[in-house]
Every structure is written in structure tokens, then in C-alpha cells.
1. Report the FRET efficiency, 1/(1 + (r/R0)^6), for Leu354 and Arg293, where r is their Cβ-Cβ distance and R0 is 25 Å, rounded to 0.05.
2. Roughly how tilted is helix 78-98, in degrees to the nearest 10 and between 0 and 90, from the longest Cα axis of the chain?
3. Quick one: order Cys264, Cys353 from most to least accessible surface, probe 1.4 Å.
4. How large is the helix-only mean residue ellipticity at 222 nm for the chain, computed as the sum of -39500 (n - 2.57) over DSSP H runs with n ≥ 4, divided by its residue count, in deg cm²/dmol to the nearest 500?
5. Could you please state, rounded to a whole Å, how far the C-alpha centre of segment 225-266 is from the C-alpha centre of segment 339-393?
6. Kindly report the accessible area of the chain per residue (heavy atoms of protein chains, probe 1.4 Å, no ligands, DNA or RNA), in Å².
7. Around Val49, which amide H atoms from residues at least 5 apart in sequence, or from another chain, sit under 5 Å from its own amide H, with H modelled in the peptide plane?
8. Test of understanding: in a Gaussian network model of the chain with alpha carbons linked when under 10 Å, which of Ala110, Ala74, Ala174 would top the mean-square fluctuation ranking?
Amino acid sequence: MKEVTVQKKLVVYVVPAIAYEGISKQVLLQIDALIERGYTVKLIALTTVNDNVIFELAPKLDQENVIQLEQPDAYLSVKALKGSPSVALQISKLLKEWKPAVVFAHTPYAHFVMRLVKLLSFSEEDKIKLWQYFHITQYAEFPLTTWRRKLINVVNRHLAKRFDDGHIFVSKAAKEDVQQNLVSLKNYRVIFNAIPFIEAEQHVDSLEKPHSQSTLPYTIVIPGRIEEVKGQLWFLGVFKEFLRRNSLKPSEIKLILAGGGSLCEEATREIKILNIEDYVSVTGYISNIAIKRFIYDADLVAVPSLREGFGLVVLEALICGRIVLCSDAGGLKEIVEDGITGFTFKTSDDDDCLKQINLIYHQRGKAILDKEEIARLLHGKFSFEKHMQEVVSLIDNT
């Protein structure tokens, strides 16, 4: 009997850019996993891509399947709005040629452009299935406080009702934020972010073998982009007060901001103003592998976000067996249960954050987390295999 070859579906991802940040990481891990499962995947970046990031996170993605449209801004700026019709027509031409089974659009800029694609150029026969992927609590981060934002949101609400086939949210917090402020579609999924890991049990077991109390200096790492919303600048003030209260020397403790970002220089200036240069270092942009190394070597991983859709670095820290201290912003509290899988504090609350740092620091050398509960999280709720099963199910049932 002749063997029948089943052709897997074509999937298209539309993103503003590919860079060293969490959304790009989740997108590329997903793309690589789909290619491994036999799907054809094409990636459209509205601006540009960092080839090193693709090589590191999605080595199976061929360069010929990566399209860069080289727009000037990677966010929904006035300039981006003006250029959106032209960009939409370029994408429309590509999609008519490719005929994908589904298109995943990521972040507000790509959401808007893909709604225009469906508005401007698709006939009934050429309809595409458009799933909008929401990674952030975008209305908490960018509240509707100006007439321009309100106007754009009115337009987006109308277009979303008409053209969005479904919504994907990385957390319940992201879902509530969008559904309350944009539109609530019946066709939606909450697919928690996830990352693949090797021998996670071995990493979690390291919680039973904590660093010796004599190991110095005690190292706190804040991984990720240095942006206002990520809370690094706020945390510097808390850290300064923690040093003062505990009379700590530079040989006893250090803080590492592991990443670059728009506020990298401002963070460096703030460190000088606070006179804590001997305690704090800023790495600038580094690879995902380097960030993971910093996480793995840390005594404490801090995620002091003021707004957060999910918090992928928290999962990475748990996989590496590190103690996590994070704010309760957005989706972070959906990952970390205070005192069980990590520690949380009230967002931007200096006193609460100080209390938690003191608690963790003065219990260094002790096993203070529930390793079995962490293992259940990593293998269950936040399993990458479960994550991909949900993505594949969505594609195959579209």
C-alpha cells in the first residue's frame, strides 16, 4: 500500500520585532517547537530581527521564512499609525500567496496592522484566521488617559469585533485587562507562557542544597530589560535602604541588573546618585544563555515589576532552583504563591518589599520553599509540553 504523506499546516507569526526580550523568546520557542512537529512557519517582523536571538532560540527557522518590513517604530506610535495601511498591503500580498491556516499577531502594533489587513484586502474566499496574542496588561500599562489613546481604542474595538477570530492571553490578568477595556470575545484561550527545560527535578532539588551561609557575596539578580515598568529603578532605592538597615559591605552582597533597555543609562546614573556603585552592576544587553547563567548563580532572583502580563523570567528562575521575590503585579501572582513557591510583595510598596528581602536574606542557607509544589507547577500548569499541546490544538481545529 502506498504511504500517504500528510502535509502539516502553514502558520504565520506577525511581531513588531525580534530582540532580547520576553515576548520574542516565547514566540521563537513556540515557532521552533512547531517546526519540530512538522509545521511550516513564517515570521513577519514589522521592524527588524536580531539574527543572534533567532539562532539561539529558534535554530530550525530558516532565514528564507523570516520577513523584515523595516518600519521605523516597534510600537503603535503616530508614525506607525500613518504607515500602517502601506504595511498592511505588503502583508496582505504575502498572505494571499502563502494561504496560511492561521495567523498569530503579537502586541498592539501587530494587532492593529492585521486588523487593517483584513479590512483592506481580503475577499470572502481569501479570509484568514486571525488570532491576536496578548502578552501584557496593556491598559494597566498604557491607561486611556489621553484623547489620542481613547480614539485609537474606539477604532480598535470596532475592528476587533469585526475581524478578530480569537484572542489568546498569557495570563488571567492579561485576559481581564483586555476584556474589560477592549472587547470580550466568546472565542478566547488562556495559554500560560512556558519554557522547555531539561532535568527540572535536578534544578528543583538544589533547593535542598542551598548556598552555604559562608558563601559571599550574597547575590541578587534582576533579569530582563531595564524599563520603568519593570521596576528596576524603584528597586534600587529599596536596595539602598536594605543595605543601610543591615550595615552590609560590598564584600557581603551584590545586585546585578542583567539586561539592557531604554533606561540602562538612567539606572547607571541612579546607582551613582545613591552611592551604591560598589554594590550594583549593570550588564547591558546579553544573550539569553548569559541571563540564564546569572539566574542560576544567584542566591535570589528579584522581579520588581510595576506592571506585568506574565513574567517568563520567574519560570526560568524556578526551573534553575532559585528563590524568587516578585511584586504581585498582573500575572506574577498567578505563578508565585507567597511562602510556598517563592515570595511576593505589594507592588511598589517599599516597606513590604524590605520586609520580604530581610526575611529571605536572614534565612539564607535554609530550605524555605516547597520543592514538591514547584515541581508540580513546572510539570503541570506551566509545562512547555502542555503549552504546545494547546497551541497545536488551536491550529489544527482552526
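The values are calculated or read from the model by the stated rules, or taken from the named source; none is laboratory data. All figures in this text were calculated on a predicted structure; none of them were measured in a lab. For neighbour counting, all protein chains shown are included, and Cβ atoms are generated from backbone atoms with ideal geometry for every residue, glycine included. For accessibility, only protein heavy atoms count, side chains too; no ligands or nucleic acids. Shrake-Rupley method; radii C 1.70, N 1.55, O 1.52, S 1.80 Å.
1. Calculated transfer efficiency: 0.35.
2. 60 degrees
3. From most accessible down to least: Cys264, Cys353.
4. -13000 deg cm²/dmol
5. 20 Å
6. With all protein chains present, the chain gives 46 Å² per residue.
7. Those lying under 5 Å, H to H, from Val49 are Ile18.
8. Ala74
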